[in-house]
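So the structure is just underneath, and the comments pick up after that.
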Amino acid sequence: MRELSLHVLDVLENALAADATLIELEINEDSAANRLSIRVTDNGRGMDAETVARVSDPFFTTRTTRDIGLGLPLFRAAAQRCNGDLTLRSQRGVGTEVLAEFERDHLDRAPLGDMKSTLLGVILSDRVRDLRYEHRVDGRSFGLDTRELRAVLGDVPFTHPSVRDWLEEYLDQESLVLENPGGPSEGSD
């Protein structure tokens with residue numbers, strides 16, 4: 001895939017398919033250590049040890065809509081091409097964690113890509129799920145937690161045109177916050 005955000009979207013869709021009610025996405029970029037890590041954690045159904053061992057096989061999938069499962073194998077290959085790796089931890093009834101690590105400035109590392117569309121795809125989906133997102137770059141932070149938004153909005157859905165517009169405008173601020181060393185830290189505790 002040409003963008004890492006597409007790999008992230010695949011992992012987020014897996015979490016939704018596993019009936020997760022809370023998905024956490026953390027992206028950490030550390031220039032000094034020359035590392036980029038992407039961690040997705042969910043509280044979905046989880047997998048047993050046998051399934052975890054098989055998810056690296058591109059000809060294995062738990063989905064009934066297709067016969068192959070290239071998502072995680074391709075994400076792992078992208079990380080390994082950049083002096084990194086992908087690890088998966090899962091426990092049935094608890095959830096799953098996918099961690100992909102990359103050499104940040106590796107020539108073959110794909111750009112992070114359109115995270116705004118990836119996030120909106122999950123937040124605005126017809127499934128009521130919560131997403132906590134945090135992107136950190138060298139000490140600067142940008143985040144969003146849909147649980148906080150739900151508390152403010154009450155019964156107003158994220159798909160309401162005004163809310164959707166606000167979400168798009170808010171997510172547009174991410175690059176401004178993360179690229180401005182003197183700027184405010186958004187979404188951090």
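The numbers here are math on the coordinates, done by the rules we state, and not lab data. Remember, predicted model here, so these are calculated numbers, not experimental data. Cβ sites come from the backbone with ideal geometry, for glycine too, and all protein chains shown count toward neighbours.
Skipping prolines and chain starts, which residues have an amide H placed within reach, meaning under 5 Å, of the one on G95, given they are 5 or more residues away or on another chain?
Distant-sequence amide H within range of G95: G46, M47.
For D85, what charge total do you get from the other residues with a beta carbon under 9 Å from its beta carbon, if Lys and Arg give +1 and Asp and Glu give -1?
So the surrounding residues net to 0.
Apply the Karplus parameterisation 6.51 cos²θ - 1.76 cosθ + 1.60, with θ equal to phi minus 60°, to every residue of region 80-88 and state each ³J(HN,Hα) to the nearest whole Hz, in sequence, with x for glycine and proline.
With the stated coefficients, region 80-88 comes to 5, 4, 10, 6, x, 6, 10, 10, 10 Hz.
Can you give the local net charge around E168? Use residues other than it whose beta-carbon is closer than 15 angstrom to its beta-carbon, Lys and Arg +1, Asp and Glu -1.
So the environment of E168 carries a net charge of -3.
How high is the relative contact order of region 4-179, given as a whole-number percent (alpha carbon pairs under 8 Å, six or more residues apart)?
The value is 25 percent.
What shape does the chain take by its C-alpha gyration tensor, where a ≥ b ≥ c are the square roots of the eigenvalues and a/c under 1.5 counts as rounded, a/b above b/c as prolate, and the rest as oblate?
oblate
With θ set to phi - 60° and the Karplus curve 6.51 cos²θ - 1.76 cosθ + 1.60, what are the ³J(HN,Hα) couplings of region 37-46 in order, to the nearest whole Hz, using x for Gly and Pro?
10, 10, 10, 10, 10, 9, 10, x, 4, x
Could you run the Karplus curve 6.51 cos²θ - 1.76 cosθ + 1.60 with θ = phi - 60° over region 3-13 and give me ³J(HN,Hα) per residue in whole Hz, x for Gly and Pro?
Calculated HN-Hα couplings, in order: 10, 5, 4, 6, 5, 4, 4, 4, 5, 5, 5 Hz.
Rounded to the nearest 500 deg cm²/dmol, what is the calculated helix-only ellipticity per residue at 222 nm for the chain, with -39500 (n - 2.57) per DSSP H run of length n ≥ 4?
Calculated mean residue ellipticity at 222 nm is -10000 deg cm²/dmol.
Give, rounded to the nearest 20 debye, the magnitude of the charge dipole that region 4-179 has about its Cα centre when Lys and Arg contribute +1 at Cβ and Asp and Glu contribute -1 at Cβ.
I would put it at about 480 debye.
Can you pull out the trypsin sites (Lys or Arg not before Pro) in region 74-174 whose DSSP state is coil and whose Cβ has at most 16 other Cβ atoms within 10 Å?
Loop-located and lightly packed - R92, R127.
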